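Novice: Structure below; questions to follow.
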């Protein structure tokens, strides 16, 4: 399969490099020092068990790539306004774009620009970092992708892509309710990112303080109410299950928005807390905790 990865950071680098290792024709879209390193040395993937260098074509200009079968959109969501229009030259009649980004509506711009029939919402579950140009480090055993058609259809193309991923070292699931999947991850990510950024503390520190546990749980319940008001079929035990997951994985739990805030980089505020606020307005549900988080973090949204 001919594949392009738009945004070769941690997530795009890992999945793109893995697919290239399994023989797919993968082109990585990158820039700056990252582009130079990949071109000169290849893409290095470091896991808990091994380190390998994967030769892989890399381009800055998508017009040099041509039409592909599959595009993985993995840029930070605040780059979508620039990145999405750049996808056009790589999109043909049968091209599929899978958005593997944080948020519940991050895929919508791609659907608006390229046409909804071209785009599948998706979610990536992985702990990875771009530790230096051209070098991606992945930690832990959780590595998988979930994706699906916007309307829940069981399409032939989705089955083919699912088989391609699973046959190429990437565990994947073609979901028949991708919005439930997105919201389930979103409840966890939006809470963790928003609360840790607001408090300027890690989740491990906050979960040891009863007053913060109460706020964390209330934030989750707020997002659950918003999801239900928007006709998302969430599990009845989603808040308890998410709290249990957090308690069991505290030492490995890091929010990229908190890290970006402390480093004075731009924040994915609009695709996380901002999305809660927007969905609350749409569903006529008040969101006082997320309103506060949004107001407190908005001055830092564009970074230094």
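Novice: Among all residue pairs at least 6 apart or on different chains, which show Cβ distances below 8 Å where the first residue, located in region 282-297, is without any contact (Cβ under 8 Å) to a residue 12 or more places away in the chain and the second is part of a helix (DSSP H, G or I)?
Specialist: Matching pairs, first to second residue: 286/280.
Novice: Let me ask another. Out of all the residues in region 41-66, which are over 23 Å from residue 126 (Cβ atoms) and touching a residue at least 40 places away in the same chain (Cβ under 8 Å)?
Specialist: 62, 65, listed by residue number.
Novice: If you go through region 18-42 one residue at a time, how many are under 19 Å from the mean Cα position of the chain (by Cα) and either crowded, with 24+ Cβ neighbours inside 10 Å or in a strand (DSSP E or B) (or both)?
Specialist: So the count comes out to 4.
Novice: Moving on. In region 99-111, is there at least one residue being in a strand (DSSP E or B), touching a strand residue (DSSP E or B) at 6+ places or on another chain (Cβ under 9 Å) and either modelled with pLDDT of 95 or more or on the phi > 0 side of the Ramachandran plot (or both)?
Specialist: yes
Novice: If you go through region 230-239 one residue at a time, do you hit one that is surrounded by fewer than 17 Cβ atoms within 10 Å (Cβ to Cβ) and not in a loop (DSSP other than H, G, I, E, B)?
Specialist: Within region 230-239 (the criterion being surrounded by fewer than 17 Cβ atoms within 10 Å (Cβ to Cβ) and not in a loop (DSSP other than H, G, I, E, B)), the answer is no, since none of the residues qualifies.
Novice: Within region 71-92, does at least one residue satisfy the condition of being modelled with pLDDT of 95 or more, assigned to a strand (DSSP E or B) and over 26 Å from residue 116 (Cβ atoms)?
Specialist: no
Novice: What do you reckon, is residue 169 surrounded by fewer than 19 Cβ atoms within 10 Å (Cβ to Cβ), over 24 Å from residue 271 (Cβ atoms) and modelled with pLDDT under 95?
Specialist: yes
The values are calculated or read from the model by the stated rules, or taken from the named source; none is laboratory data. Bear in mind the structure is a predicted one, so any value in this text is a computation, not a measurement. Reconstructed Cβ throughout: ideal geometry from the backbone, glycine too, with neighbour counts over all protein chains shown.
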